[in-house]
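A short write-up of the structure that comes next.
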Amino acid sequence: MSTASTLSVRELKPGFGAEIIDVDLAGATPETLAGVVDCFHLHGAIVLRGQSMDPAALVHFASQFGQPEGHTIKEFTLPEFPEIYVLSNRLVNGKPIGSHNDGVGWHTDYSYKQEPVMCTMLYAVEVPAEGADTLIADTCAAYDAMPVAQRERLDGMSVHHSYTHFMSTRQYQRRELTPQQKLENPDVWHPLVRTHPADGRRALWPSAGTVMGIEGMPDDEALKLLDDLIEHCTQPQFVYTHKWQKGDVLVWDNRCSLHTGTLFDDQKYIREMHRLWVRGDKPY
Ligand code: SIN
């Protein structure tokens, strides 16, 4: 039986993230895949380079982590694989095949849902020679680094998230929601400090974009606090920067991290990524 300890790994940052070496995901045995999932749970993020994954293999891999999650916007999912969302600036017959600059800005995925996604997986189909890095911040380490009095002040605060607000104010991919999309995505409140269900660790969970305020606090004060917390979490000592190569698979745990995409020269380069999500549960 393969476990995380039988795989060859190197840490991405001290105490956070791991690169798994010499595993071919498309041809891996169930035991090896179970070891890869164990490794993800142990490290909070994993990278596997040089993979060759068709859509069926990606969905199969995602389902090792749990139930793959659908996407709110259906426009850029693959026709036969609704679990796969395309991030791209590529045009085919003058039409975009994916969402461009979709994940730029520090956030955690599906924060506007009652049950945000547990993990996010990106697979690099085509990447620019420079730019378009993905940054992941370890928000357990960021929480642990705060003075006790500050942690005690934040514990118990509840953040107001709104998908409607997000989609009408975001810098890229702004759009008016249909009445059905509004109905399916009512506002939600989540703890500012969440508990990791697997091991009880506490993580700062501020996010950006979807947030409108903090319960019981004036909005300007709340938004300033959330900005300050994002600034705290995204200091270099807490952040892993992933420099993409074609064939990379990167998976991170949204329950203990924030992430952001970064810009690239989209007139010079094409970027095409396949993104999958795995169902999560209600933060507490
Ligand atoms: C995301 O936030 O889902 C994508 C990040 C990226 O494109 O690098």
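The values are calculated or read from the model by the stated rules, or taken from the named source; none is laboratory data. Note that this is a predicted model, so its numbers are computed, not measured. Don't worry about glycine lacking a Cβ; one is built from the backbone with ideal geometry, like all the others, and counts go over all protein chains shown. What goes into the accessible areas is simple: the full protein's heavy atoms, side chains included, and nothing from ligands, DNA or RNA. Shrake-Rupley method; radii C 1.70, N 1.55, O 1.52, S 1.80 Å.
One table, with the values for the structure above:
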read-out: Residue check for E115: under 23 Å from G209 (Cβ atoms), of a type in the set (D, E), out of contact with any Lys or Arg (no Cβ under 8 Å at 6 or more places or on another chain) and more than 16 Å from the ligand (Cβ to nearest atom); value: no
read-out: Hits in the range 99-140 (condition: in contact with a helix residue (DSSP H, G or I) (Cβ under 6 Å, 6 or more places away or on another chain) and open to solvent by 30 Å² or more (accessible area, probe 1.4 Å)); value: W106
read-out: Cβ-Cβ under 7 Å pairs, at least 6 apart or on other chains, the range 223-245 side at pLDDT 95 or above, far side aromatic (F, W, Y); value: I230/W106; T234/W106; Y240/F16
read-out: A137 within 30 Å of P55 (Cα to Cα) and either within 16 Å of the ligand (Cβ to nearest atom) or more than 18 Å from the chain's Cα centre (by Cα) (or both); value: yes
read-out: Elements of type strands (runs of 3 or more DSSP E) contained in the range 244-284, each with 3 or more residues being under 15 Å from the mean Cα position of the chain (by Cα) and within 11 Å of the ligand (Cβ to nearest atom); value: 257-261, 272-278
read-out: Test result for L42, open to solvent by less than 40 Å² (accessible area, probe 1.4 Å), within 29 Å of E115 (Cβ to Cβ) and not small (G, A, S); value: no
read-out: Residue match in the range 258-265 (condition: closer than 25 Å to H71 by Cα and in contact with a His (Cβ under 6 Å, 6 or more places away or on another chain)); value: no
read-out: Residues within the range 261-278 that are open to solvent by 10 Å² or more (accessible area, probe 1.4 Å) and either small (G, A, S) or in contact with a Phe, Trp or Tyr (Cβ under 9 Å, 6 or more places away or on another chain) (or both), tallied; value: 5
read-out: Among (1) within 16 Å of the ligand (Cβ to nearest atom); (2) under 26 Å from L263 (Cβ atoms); (3) crowded, with 17+ Cβ neighbours inside 10 Å, the one test that Q51 misses; value: (1)
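Okay, residues lined up against (1) more than 15 Å from F76 (Cβ to Cβ); (2) within 17 Å of the chain's Cα centre (by Cα); (3) β-branched (V, I, T):
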residue	(1), (2), (3)
V86	no, yes, yes
I97	no, no, yes
Q114	yes, yes, no
D133	yes, yes, no
Q150	yes, no, no
S158	yes, no, no
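Here's the yes/no breakdown for (1) open to solvent by less than 70 Å² (accessible area, probe 1.4 Å); (2) among the charged types (D, E, K, R):
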{"site": "A149", "(1), (2)": "no, no"}
{"site": "Y163", "(1), (2)": "yes, no"}
{"site": "R174", "(1), (2)": "no, yes"}
{"site": "L177", "(1), (2)": "yes, no"}
{"site": "L183", "(1), (2)": "no, no"}
{"site": "I214", "(1), (2)": "yes, no"}
{"site": "D220", "(1), (2)": "no, yes"}
{"site": "I230", "(1), (2)": "yes, no"}
